[in-house]
Amino acid sequence: MKISVQTQDFDAGAEIRALSSDPKVGAVASFIGVVREVAMTLEHYPGMTEKALRKIVDDAGARWQVVGCTVIHRTGALKPTDQIVLVAVASAHRGDAFAACEFIMDYLKTQAPFWKKEAAGWVEARASDDQAAERWK
Amino acid sequence: MKVKVLFFAALREQLGTSSEELELPAGVATVAALRSHLRGRGGAWQLALADGKLIRMAVNQDMAQPADTIQAGDEVAFFPPVTGG
């Protein structure tokens, strides 16, 4: 399991290839979040962020068969079209990979301490994100 | 008892501080009691930590509920609902 909170960009292809290198892996599902339309700065809570992401990944591993998982989240100043987040999950079969990837993303949105600030101010949390996480309970 | 208190994002800006070491008076033993204690400073504290404000809390870097207890040496954080991803 790889978890990284970083300012620098990431190479999703390289991360996915690294996950596929295990012969037990038959499927890799991935999600990339991208900055849409408006530049932003991402703040986080160093220490808790990594701990929260680790717990979300562990929870996913307890629910689905996960062979490998990579979560990378960027912080700092980001502009439109920049990559923000990568979640990639490797499993024997696609069902587990898809479900675990979506679960991790939904929980990251509501449990990992990141905050977006745009020129217009701090981005408000959305109820739809809470609802997305609720459906896994 | 002494605790470390952290503030993030909009809350950090409203309060004008990101962290402080705080000696708690006897009786302030839960996250909710600490929030109430800080609100008692008035001004920006009263506004930013008002009862109706949606604020998330963490104790020692785990999400916490208002009734969760705090111990000497704990790191307690207050922040707005998260917006990453």
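Data for the structure
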{"read-out": "Accessible area buried between chains A and B, both sides summed, probe 1.4 Å, in Å² to nearest 100", "value": "1900 Å²"}
{"read-out": "Residue-wise HN-Hα coupling along segment B:20-26, computed from phi with Karplus coefficients 6.51, -1.76, 1.60 (Hz; x: Gly, Pro)", "value": "7, 8, 10, 8, 8, x, 4"}
{"read-out": "Segment A:2-132, accessible surface, carbon-and-sulfur percent (1.4 angstrom probe)", "value": "52 percent"}
{"read-out": "Area accessible to solvent at A:Val28, 1.4 Å probe radius, in Å²", "value": "50 Å²"}
{"read-out": "Reciprocal mean inverse distance between Cα atoms of the protein assembly as shown - Kirkwood radius, Å", "value": "18.6 Å"}
{"read-out": "Segment B:2-78, dipole about Cα centre (Lys/Arg Cβ +1, Asp/Glu Cβ -1), debye to the nearest 20", "value": "220 debye"}
{"read-out": "Å² of accessible area per residue within chain A, as computed with a 1.4 Å probe and no ligands counted", "value": "50 Å²"}
{"read-out": "Sequence-distant residues sharing a close amide H with A:Val67 (under 5 Å, placed H)", "value": "A:Ala90, A:Ser91, A:Ala92"}
{"read-out": "Heavy-atom accessible area, 1.4 Å probe, ligands and nucleic acids excluded: residues of segment A:8-49 down by at least 20 Å² from chain alone", "value": "A:Glu43, A:Tyr45, A:Met48"}
{"read-out": "3J(HN,Hα) from dihedral phi, segment B:63-70, Karplus parametrisation 6.51/-1.76/1.60, rounded to Hz, x for glycine, proline", "value": "3, 10, 9, x, 7, 4, 7, 10"}
{"read-out": "For segment A:15-25, 3J(HN,Hα) per residue [Karplus equation, 6.51 cos²θ - 1.76 cosθ + 1.60, θ = phi - 60°, Hz, x = Gly/Pro]", "value": "5, 5, 4, 4, 5, 7, 6, 8, x, 6, 7"}
{"read-out": "Complex-versus-alone comparison for segment B:1-19, residues with a loss of 30 Å² or more in accessible area, probe 1.4 Å", "value": "B:Phe8, B:Ala9, B:Glu13"}
{"read-out": "Relative contact order (%) - criterion: Cα under 8 Å, at least six apart; region: chain A", "value": "34 percent"}
{"read-out": "Heavy-atom surface of segment B:2-79, accessible at 1.4 Å and reported per residue (Å²)", "value": "48 Å²"}
{"read-out": "Whether segment B:34-85 is rounded, prolate or oblate, judged on the alpha carbon gyration tensor where a/c under 1.5 counts as rounded", "value": "oblate"}
{"read-out": "Scaled radius of gyration (Cα, divided by 2.2 N^0.38 Å) that segment A:2-132 gives", "value": "1.05"}
{"read-out": "For chain A, calculated [θ]222 nm from helices alone, where every DSSP H run of n ≥ 4 adds -39500 (n - 2.57)", "value": "-11500 deg cm²/dmol"}
{"read-out": "Cα shape, segment A:1-66, gyration tensor, a/c 1.5 rule", "value": "oblate"}
{"read-out": "Over segment A:60-123: Rg over Rh, Cα atoms, Kirkwood Rh", "value": "1.07"}
{"read-out": "Among the listed pairs A:Lys109/B:Lys53; A:Lys51/A:Lys117; A:Lys116/B:Lys2; A:Lys24/A:Lys116; A:Lys55/A:Lys117; A:Lys2/B:Lys4, those beyond 27 Å (Cα-Cα)", "value": "A:Lys116/B:Lys2; A:Lys24/A:Lys116; A:Lys2/B:Lys4"}
{"read-out": "Exposure rank, largest accessible area first [A:Met1, A:Met48, B:Met1; 1.4 Å]", "value": "A:Met1, B:Met1, A:Met48"}
{"read-out": "Protein-protein interface of segment B:46-85, residues with accessible area decrease of at least 20 Å², isolated chain reference, 1.4 Å probe", "value": "B:Arg56, B:Gln61, B:Asp62, B:Met63, B:Phe79, B:Pro81, B:Val82, B:Thr83, B:Gly84, B:Gly85"}
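The values are calculated or read from the model by the stated rules, or taken from the named source; none is laboratory data. In this text the structure is predicted, and so the values were computed from the model without any measurement. Note that we place each Cβ from the backbone using ideal geometry, even for glycine, and neighbour counts take in every protein chain shown. When the accessible area is computed, the model is the full protein with side chains, heavy atoms only, and any ligands, DNA or RNA have been set aside. Shrake-Rupley method; radii C 1.70, N 1.55, O 1.52, S 1.80 Å.
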